[in-house]
1. Taking the range A:217-262 only, how many residues are within 8 Å of chain B (Cβ to nearest Cβ), without any contact (Cβ under 8 Å) to a residue 12 or more places away in the chain and among the β-branched types (Val, Ile, Thr)?
2. What do you reckon, is residue A:70 at pLDDT below 80, open to solvent by 50 Å² or more (accessible area, probe 1.4 Å), more than 14 Å from chain B (Cβ to nearest Cβ) and not in a loop (DSSP other than H, G, I, E, B)?
3. What tally of residues in the range A:178-189 results from selecting those that are within 9 Å of chain B (Cβ to nearest Cβ) and either surrounded by 13 or more Cβ atoms within 10 Å (Cβ to Cβ) or not in a helix (DSSP H, G or I) (or both)?
4. Which pairs do you get when a residue that is under 13 Å from residue A:308 (Cβ atoms) and without any contact (Cβ under 8 Å) to a residue 40 or more places away in the chain, found in the range B:1-23, comes within reach of a residue that is open to solvent by 30 Å² or more (accessible area, probe 1.4 Å) and part of a loop (DSSP other than H, G, I, E, B), reach meaning Cβ atoms under 7 angstrom, with the pair 6+ apart or on two chains?
5. Check whether at least one residue in the range A:190-213 is of a type in the set (Ser, Thr, Tyr), more than 21 Å from residue A:352 (Cα to Cα), part of a helix (DSSP H, G or I) and open to solvent by 10 Å² or more (accessible area, probe 1.4 Å), and report yes or no.
6. Go through the range A:43-93 residue by residue and tally those that are without any contact (Cβ under 8 Å) to a residue 12 or more places away in the chain and under 23 Å from residue A:114 (Cα atoms).
7. Looking only at the range B:7-44, count every residue that is more than 7 Å from chain A (Cβ to nearest Cβ) and of a type outside the set (A, V, I, L, M) and tell me the total.
8. Could you please let me know if residue B:68 is within 60 Å of the chain's Cα centre (by Cα), in a helix (DSSP H, G or I), within 12 Å of chain A (Cβ to nearest Cβ) and over 30 Å from residue A:58 (Cβ atoms)?
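The values are calculated or read from the model by the stated rules, or taken from the named source; none is laboratory data. The model shown is predicted, which means the values in this text are computed figures rather than measured ones. Cβ sites come from the backbone with ideal geometry, for glycine too, and all protein chains shown count toward neighbours. Areas reflect the complete protein model, heavy atoms only, side chains present, ligands, DNA and RNA absent. Shrake-Rupley method; radii C 1.70, N 1.55, O 1.52, S 1.80 Å.
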Amino acid sequence: MHRFLGNDILSNRPMTYTTKLICIVLLFVGNFALAKNDAQHSEAPKKDKKTEIKEYIEHHLQDSHDFSLFSSTDENGEVHHYGFPLPVILWDNGIKVFSSSKFHHGEELAEVDGNYYKLHHSKIYKTDASGTLNYDDSHGEHPTNVRPLDFSITKSVVMMLVTGLLLVWLFSSLARSYAKNGSVPKGIGRFFEPIVLYIRDDIAIANIGEKKYKKYMPFLLTVFFFIWFLNMFGLTPLGVNVTGNIAVTTALAVLVFLLTNFTGTKDYWKHIFDPLGDGMPWYGKMIIYIILVPIEILGLFIKPFALLIRLYANMTAGHVVLMSLIGLIFIFKSWVGGPLSFGLSFAISMIELLVALLQAYIFTMLAALYFGFASEEHDHDDEAELAHL
Amino acid sequence: MEKLVNDFSFGLFIWQIVLFLLLLFLLRKFAWKPILNAVEEREDGIKKALASAEDAKKEMQNVTADSEKLLKEARAEREAMMKEAREIKEKMIADSKEQAKVEGDKMIKQAQATIESEKKAAVAELKSQVAELSVSIAEKVIKEELSGKDKQLKLVEKMLDDIKLN
């Protein structure tokens, strides 16, 4: 748990005093809970509340193969899940498509075309008919079974589809309202138009420049609203954590990386491979470039990597903090602890609303900054003049 | 880091790339381009409207300046006319004064001449009257002197005396 919090502190996200305090408290609580868990494990197989909450949070942070809304345990100890199954698509010597209801939330094996698949910690493993998982270590964390390529429509994919459709509907209706009302937005467009203009004027034009910003506008707008909306969905009781998923943030960062380097100008590449230019004779540059050029090349990859880690860590940390605070209600079960946890989680929710917007802004802002580097063109006349002086 | 790698789902990654590119394409075509174009058009419209308003303002200023100029000119003309009229008036007064003076001088001279001639006439008359008077006086005196015989004899004598002397 504190790994996420550590990432949070390392990232550029401004933290309020309260958030820091809560994080510190949670660090101790988390350690305490972990320590307790180990003891419990060896003594009794029955899980206590803290372990249950911890597992619940870990489960929530991961993608899932069915869209579960909530679950309950009846008097007989049977767990009932409420939600709907999603299609599982596997590539295992040919495409295999089946409903995730076959797994029964990981309780049963799914048999497709004579192959057996087991759902373990939200991941699908290929097993034998009895569903044995072989582990490489004693902790029982990482099964060595084959993992078929999993292209399932998971909960995250569903949320991305929903968000995508929402965005297309929202903004194409805004675009149509311009045509109808003579360039004046109507309804919800009045709320979104200033944001679009802000991204254009204060993010794109400010970082990329008047000449070239237009090329990047669709990407910046899409990435901003996509991240923002998914962040906001993450705060709803639907319990999705799309932007807190490393694969999603990686995909976004990869796109930023590709766009940056494929639109890079001659000056951009010159800055990487010949940053000093004519400022120094070649034998002088040779020595410095042995260090400098690798750093610059490394920088190419570090920039988008920082993007993906920042977004992932911030969103994950937010979810962990919020869910831990809500979990505290069930641990304390007292008149003091309950309302206190509730108040804290409410306050954090408010902060998370801000963070949802802030992280979308930071991602867009930094992407625009990198695009700005890539499309930068030095004014050679200026340089010549400087040399003259 | 190990956890991150373990959590990484390649399938989700591919889905995200595909869906995002699709979303980017759709939004670019149906949303961002029309929105940005509309906004740009509107901004251009506003700019143009502002520029034309500025132009109109300038035109107004020009018109005001023109009318002001006209007014000024009219005022100057009036001033000039007034000045001219005043000058004419003054000139006329001066002229008439001059004329009057000349006329007066002329009249005075005439009067003087008349007076002189009257005076001369009077003196001449006076002279003639004095001469008449003196002749009559002399007549009377002579008459008186030569009234007696002796007196006449005396005179003849005297005159003879004078001739003798010569």
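1. 0
2. Answer is yes for this residue.
3. Qualifying residue count, the range A:178-189: 6.
4. Short answer, once both residue conditions are applied: B:7/A:62.
5. yes
6. Matching residues across the range A:43-93 total 1.
7. Residues in the range B:7-44 being more than 7 Å from chain A (Cβ to nearest Cβ) and of a type outside the set (A, V, I, L, M): 7 in total.
8. no
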